[in-house]
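A quick write-up on the structure given underneath.
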Amino acid sequence: MSPPPSSEIAAAAPPRWRTARRLPFGTTLTGGLLLIYLSVIVMIPLGAVISRSTDSGWSGFWDQVTAPTAWAALKLTVVASVIVALINLVMGTLIAWVLVRDKVPGRQVFDTVIDLPFALPTIVAGLTLLLLYGPSSPLGLDLAYARTGVVVALLFVTLPFVVRTVQPVLLELDRDMEEAAASLGASPLTVFRRIILPTIAPAMAAGTTLAFARALSEFGSTVLISGNIPLKTQVAAVNIFGQIESDNTTGAAAISTVLLVVALVVLVLLNVIQRWVARRD
Amino acid sequence: MGTSRKFATAGIALGAAAALGLTGCSGSSASAGGSSGGKVKLSLVAYSTPQAAYEKIIAAFQKTPAGKNVEFTQSYGASGDQSRAVAAGLPADVVEFSLAPDMKRLVDANLVAPTWDQNQYKGIVTDSVVAIVTRTGNPKGIKDWPDLIKPGVEVITPNPFTSGGARWNVMAAYGGTVAEGASDAQAQAYLGTLFKHVPVQDDSARASLQTFTGGKGDALLSYENDAIFAQQNGQAVDYTVPDNTIKIENPAAVTSTSKHPTQAKAFLDFLYTDTAQKIFSDNGYRPVVAADATRTFPTPSGLFDISKFGGWDAVTTKFFDATNGVLAKIEQGLGVATTK
């Protein structure tokens, strides 16, 4: 059993809300249905996790979270997720660009392959990465059982997010504006910075946040490739699993709650920044 | 913000009502199931390793008069997960786990009678021992507990907090060291040193086996039956059973919530027959009933069991408490001390 994948659901929801701010029909009825659905699928489970985390009071919560192994696991998870999100921001945008704009041969094949990390059970991904980049690597690359391995596994799992959020925006992008700017003497860099980037930035940010939130909760692929050494390579999800196996569900819920809060803070921050940018333009 | 909070509260209330409605439905539909056409369906919930054995045992059971009209749904998974699933409501008639604390969880939840261990085999259907698995030919000459902490030796064992089964390994190493003359404190120190030689702490015994056969480490702490399983699957490994090692005992029981207690009991009894015990031994387990097994399992001279340390309750508190246990302290120490 893997730890609650709830943080990814929580992270995935808000951007959808933003695009569907006003429903065109029967707001009361649809609103009610939406409420029931979100409650059953997201809010009640998340509420239960959070309420369980404080079963032994706030000091108990704090003790669980600041226990050396738990704290180290949380730190590793957050740092690795930030790194992974930033790499995704750059590489994902590049990939989306290539898929939309460059007529590379085999583009369609790439386009299909991008989504495969979503379809593959992550434990299989972990196993495959381990065989390829582990101690008996046919490529001579031994990244396993170290923090590098964690980052590689997370990169694999989170690849589609930025690509798939940026791609449709790039497709819709009106090229007349770029051509107009270019004909007025703007350099390609200026065109990118002034015309393209402002349009795709919200999508880039949304994809990056999704990738970050997904990375926070990843279990299947990291459990195999990280080596799970407490304080060194054990990620939060594996630490949580250990807490559950030791019948310490309060501790497991406490660490999960921290992950949820981190994801929430990042989502809110992103929202604030987006509004600020939108107002400035 | 005010409206959105109202929104959330209303949602939770509505959702709770919907959830209650759902449980109501599933409850009634479950009781509508059950026996149809004289056939009885038993649900077997077990830990993962005996799956191959159970498939053969079930086929054999269905050939007996008692098992003629019995069909099975089978569920296999990590022992702790399976136990928690049953405790949370997964229907089960017969359960088998890799260690007694997972059974105790069900006793505490009133799902298994406290007398489950009162038969002549103390509720245990199979035994095994903790063995030291090495590369073929044992190039580093690792045969006993002190060999594991020699300089440069890498040992693979699952994390005892994510793998309940790995606790057998820890207690084997602890008890083996005590049997060779160490005091309690010295044996605990040995465990601390041992874990500094562990470069990978997988989440389960199977994952550890995978890590080891994937080329990592010089020795793997493993159940004897898993070592035999690896050899049967053509892995290039040898194994040694140390003279002083622990007897692994796998408990099985009928649940008190079983709708077909007669058939469930008949199946549990069948597990102790020569037929079933022989199938277990073919799959690497040590039979608890002296059957004429095809495989011989030499008994180590210093074999001990968990009762030597006061039973699992005492052991869990002393060694595996998540905050104050000996192993929790050892894990916490891993980051501080210098490794190897």
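Each value in this text was obtained by applying a stated rule to the coordinates, not by laboratory testing. None of the values given here were measured: they were computed from a predicted structure. Quick reminder, even Gly has a Cβ in these numbers, built from the backbone with ideal geometry, and neighbours come from all protein chains shown.
Rounded to the nearest 0.05, the FRET efficiency derived from the C-beta distance between residue A:33 and residue B:186 at R0 = 56 Å is 0.30. Within the same chain, aspartates and glutamates fewer than 8 places from residue B:259 are excluded, and of the rest, those with a Cα less than 12 Å from its Cα are B:93. The long axis of helix B:166-179 is offset from the longest Cα principal axis of chain B by roughly 40 degrees. Taking the DSSP beta bridges with both ends in chain B, the antiparallel portion is around 60 percent.
To the nearest µm²/s, what D does Stokes-Einstein give for the range A:56-189 at 25 °C and 0.890 mPa s, using the Kirkwood radius over alpha carbon pairs as Rh?
Answer, rounded: 136 µm²/s.
The long axis of helix B:184-196 is offset from the longest Cα principal axis of chain B by roughly 90 degrees.
Listed cross-link partners A:232/B:140; B:68/B:122; A:75/B:329; B:68/B:247 are compared with a 31 Å cut-off, the Cα-Cα value being larger for B:68/B:247.
Which listed residue (A:158, A:177, A:109) has the Cα farthest towards the positive end of the charge dipole for the range A:33-190, taking +1 on Lys and Arg C-beta and -1 on Asp and Glu C-beta about the Cα centre? Farthest towards the positive pole: A:158.
A simple spin-label model places the labels of residue A:174 and residue A:187 2.7 nm from each other, with each point 7 Å out along Cα-to-Cβ. Computed over the Cα atoms of chain B, pair by distinct pair, the Kirkwood hydrodynamic radius stands at 21.8 angstrom. Working from label points 7 Å from Cα in the Cα-to-Cβ sense, the residue A:107 to residue B:74 distance is 5.1 nm.
Per residue of peptide B:274-287, the mean number of Cβ atoms on other chains within 10 Å of the residue Cβ is 0. Enumerate the aspartates and glutamates that residue B:143 could reach by cross-link, defined here as Cα to Cα under 19 Å, with residues fewer than 8 away along the same chain left out. Within the straight-line cut-off, residue B:143 pairs with B:154, B:180, B:218, B:224, B:226, B:238, B:243.
For the range A:6-280, the relative contact order works out to 32 percent when only alpha carbon pairs closer than 8 Å and six or more residues apart are counted.
With 20 Å bins beginning at zero, the pair-distance distribution over Cα atoms of the protein assembly as shown amounts to 17, 45, 30, 7, 0 %.
Take each residue in B:201-211, count the other chain C-beta atoms within 10 Å of its C-beta, and the mean is 4. Most tightly packed first, judged by the mean number of other beta-carbon atoms within 10 Å of their residues, the peptides B:162-174, A:118-130 read B:162-174, A:118-130. Give me the aspartates and glutamates in straight-line cross-link reach of residue B:308: C-alpha distance below 14 Å, same-chain residues under 8 apart excluded. Reachable aspartates and glutamates: B:184, B:249. Distant-in-sequence amide contacts of residue B:197, defined by a placed amide H-H separation under 5 Å and a gap of 5 or more residues or a different chain, comprise nothing. The modelled label-to-label distance between residue A:273 and residue B:257, using points 7 Å beyond Cα along the C-beta direction, is 4.8 nm.
Derived from the Cα gyration tensor, the three semi-axes of the equivalent ellipsoid of the range A:136-281 are 40, 21, 10 Å, largest first. One decimal place: the segment residue B:301-residue B:231 gains 22.8 nm when fully extended, by the rule 0.36 nm per residue minus the C-alpha distance. Take every pair of alpha-carbon atoms less than 8 Å apart whose residues are at least six positions apart; their mean separation over the length of chain B yields a relative contact order of 22 percent. Pick out the long, greasy-scoring helices in chain A: whole DSSP H runs spanning 15 Å or more along their own axis by Cα, mean Kyte-Doolittle at least 0.5. Those that pass (Cα extent of 15 Å or more, hydropathy at least 0.5) are A:27-38, A:68-101, A:122-133, A:147-172, A:197-217, A:249-280.
With a 10 Å cut-off around each Cβ of B:160-166, the average count of Cβ atoms from other chains is 5. For the protein assembly as shown, DSSP calls about 60 percent of its internal beta bridges antiparallel. Its convex hull of Cα atoms gives the range A:6-280 a direction-averaged projected area, equal to a quarter of the hull surface, of 18.5 nm².
For the range B:250-312, the Kirkwood estimate of the hydrodynamic radius, built from every pair of different alpha carbons, is 13.9 Å. Counting only Cβ charges, +1 for Lys and Arg and -1 for Asp and Glu, the dipole size of the protein assembly as shown around its Cα centre is about 1640 debye.
Rounded to the nearest 20, the Cβ-based charge dipole of the range A:6-280 about its Cα centre (Lys and Arg +1, Asp and Glu -1) stands at 760 debye.
Within the range B:258-274, whose backbone N sits under 15 Å from a point 7 Å along Cα→Cβ of residue B:119? Inside the label zone: B:261-274.
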